[in-house]
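The values are calculated or read from the model by the stated rules, or taken from the named source; none is laboratory data. If you're wondering where the values come from, they're calculated on a predicted model, not measured in any experiment. For neighbour counting, all protein chains shown are included, and Cβ atoms are generated from backbone atoms with ideal geometry for every residue, glycine included. Surface areas here come from the heavy atoms of the whole protein model, side chains and all, with no ligands, DNA or RNA. Shrake-Rupley method; radii C 1.70, N 1.55, O 1.52, S 1.80 Å.
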Amino acid sequence: MPRLFTGVEIPTDVAFELELMKGGIWGARWIDRDSYHITLRFIGDIDDGLAREIAAELDAVSAKPFTLRLKGIGAFGGNKPHSLYASVAESPELRRLQSTHERICQMLGLPPEQRKFTPHVTLARLRDTTLDHVHRFIAAHSLFASRFFEVDRFVLFSSRPSRGGGPYAVEEAYALGAAF
């Protein structure tokens, strides 16, 4: 039973920039550079038949390539932060692509995603970290902005069940712009 999700990969040079921020927070478990991505739709543990159906439907997605930029640093969890992330600058194209993935999953019988789509790249999982350390990290990196990069494909990832995710494998890659 594969654990699947769709996402956008982060270019190697942008991933390197993110990796340079590692450190300075006790209790942070930093994500490996190879695992950086923007999740579009978490699918979860599903049977092989449904996985094949999803892969086939994703193959029919039609969208043009677009550019993205990572901009800013934040934390999820409010007063008890559990994750540090790099934000994604607003992108209507990314939102449309995510919404298409959501529709496909629901059409094939998966329940709607309960969380609001907040595009981001997870940098670290936090445990027993003080709010002060998190605020200092965010302040120190508040001006972070990557270069603009082209998104010319999305991928279907699989992961092994584990705490914090990863390592991730690309099961299928889907080129954007093929139908245009």
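Numbers at a glance
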read-out: Filtered residues of the range 109-155 (kept if touching a strand residue (DSSP E or B) at 6+ places or on another chain (Cβ under 8 Å), outside any loop (DSSP other than H, G, I, E, B) and among the small types (Gly, Ala, Ser)); value: Ala124, Ala145
read-out: Every residue from the range 64-108 that is out of contact with any helix residue (DSSP H, G or I) (no Cβ under 9 Å at 6 or more places or on another chain), assigned to a strand (DSSP E or B) and open to solvent by 20 Å² or more (accessible area, probe 1.4 Å); value: Lys71, Phe76, Tyr85, Ser87
read-out: Qualifying residue in the range 151-174 (condition: within 19 Å of Tyr85 (Cα to Cα) and at pLDDT 95 or above); value: no
read-out: Selected residue [surrounded by fewer than 16 Cβ atoms within 10 Å (Cβ to Cβ), within 19 Å of Met21 (Cα to Cα) and not charged (D, E, K, R)] from Phe148, Phe144, Phe117, Phe137; value: Phe148
read-out: Looking only at the range 1-51, and only at residues there that are in a strand (DSSP E or B) and among the charged types (D, E, K, R), the one that is nearest to Leu126 (Cα to Cα); value: Arg29
read-out: Residue satisfying all of: in the range 9-61; small (Gly, Ala, Ser) and surrounded by fewer than 16 Cβ atoms within 10 Å (Cβ to Cβ); farthest from the chain's Cα centre (by Cα) among these; value: Gly49
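Results for (1) aliphatic (A, V, I, L, M); (2) modelled with pLDDT of 95 or more, shown as yes or no for each residue.
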| residue | (1), (2) |
| --- | --- |
| Arg52 | no, no |
| Ala60 | yes, no |
| Phe66 | no, yes |
| Pro92 | no, yes |
| Ser142 | no, no |
